[in-house]
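Reviewing the structure listed below.
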Amino acid sequence: MITEIPVKVLEKAVRDLIAFNEFTLYFERDTDECTGITFALEFLYCSLNLNSSHIDSAELIEDLVAKLDETAQKLNIKGWESVRANLPFARF
């Protein structure tokens, strides 16, 4: 399912997460980066329509995070390291 997501869509998702992370003032929302990124990832998970299957969502979101990380590193996207440092569901 994750493997079916085009690279351009994954790249946009990575850039959106970076923009969210750079824009969000976590302390003003009384939260931390990991929690904020968790909410953004859960939204992204739904917006990519990954919640429509009967596959284990915990495993699928871990796969999504791995694929986003792989995409960001492969494309050497600036700003990803800040997101990666607080990335939930990561297996690295």
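Can you name the residue in the range 83-92 that is farther than 19 Å from residue 5 by Cα and open to solvent by less than 60 Å² (accessible area, probe 1.4 Å) and, of all such residues, is farthest from the chain's Cα centre (by Cα)? Break it down stepwise before answering.
Of all residues in the range 83-92, those farther than 19 Å from residue 5 by Cα come to 83-88, 91-92.
When the remaining residues are screened for being open to solvent by less than 60 Å² (accessible area, probe 1.4 Å), the result is 83, 86-88.
On the way: 83: 8, 86: 11, 87: 8, 88: 9 Å.
Checked the range 83-92; the qualifying residue farthest from the chain's Cα centre (by Cα) is 86.
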Seminar exercise, completed: The residue that is modelled with the highest pLDDT, considering only those in the range 33-48 that are in contact with a helix residue (DSSP H, G or I) (Cβ under 6 Å, 6 or more places away or on another chain) and farther than 14 Å from residue 60 by Cα, is 40
Exercise. Got at least one residue in the range 46-56 being under 10 Å from the mean Cα position of the chain (by Cα) and open to solvent by 20 Å² or more (accessible area, probe 1.4 Å)?
Worked result: no
For this session: For residue 87, state whether it is of a type outside the set (S, T, N, Q) and part of a helix (DSSP H, G or I).
Result: no
Problem set entry | The listed residue being open to solvent by less than 70 Å² (accessible area, probe 1.4 Å) and within 12 Å of the chain's Cα centre (by Cα), out of 42, 62, 70 | 62
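So if I check each of 2, 55, 37, which one is hydrophobic (A, V, I, L, M, F, W, C) and in contact (Cβ under 8 Å) with a residue 60 or more places away in the chain? Steps first, answer last, please.
Numbers: 55 fails: in contact (Cβ under 8 Å) with a residue 60 or more places away in the chain; 37 fails: in contact (Cβ under 8 Å) with a residue 60 or more places away in the chain.
Going through 2, 55, 37 in turn, just one is hydrophobic (A, V, I, L, M, F, W, C) and in contact (Cβ under 8 Å) with a residue 60 or more places away in the chain: 2.
Hey, can you tell me all the residues within the range 23-39 that are open to solvent by 80 Å² or more (accessible area, probe 1.4 Å) and more than 18 Å from residue 13 (Cα to Cα)? Outline the logic, then answer.
If we filter the range 23-39 for residues that are open to solvent by 80 Å² or more (accessible area, probe 1.4 Å), which is where we start, we get 23, 27-30, 39.
Answer for the range 23-39, where residues must be open to solvent by 80 Å² or more (accessible area, probe 1.4 Å) and more than 18 Å from residue 13 (Cα to Cα): 27, 28, 29, 30.
I need the full set of residues from the range 14-28 which are among the hydrophobic types (A, V, I, L, M, F, W, C) and either more than 14 Å from residue 74 (Cα to Cα) or touching a Lys or Arg at 6+ places or on another chain (Cβ under 8 Å) (or both), in order please.
From the range 14-28, those among the hydrophobic types (A, V, I, L, M, F, W, C) are 14, 17-20, 23, 25, 27; that's our starting set.
Within the range 14-28, 17, 18, 19, 20, 23, 25, 27 meet the criteria.
The values are calculated or read from the model by the stated rules, or taken from the named source; none is laboratory data. Keep in mind it's a predicted model, so treat the numbers as computed, not measured. Cβ sites come from the backbone with ideal geometry, for glycine too, and all protein chains shown count toward neighbours. The protein model used for the area step is the full one, side chains on, heavy atoms only, and it has no ligands, DNA or RNA in it. Shrake-Rupley method; radii C 1.70, N 1.55, O 1.52, S 1.80 Å.
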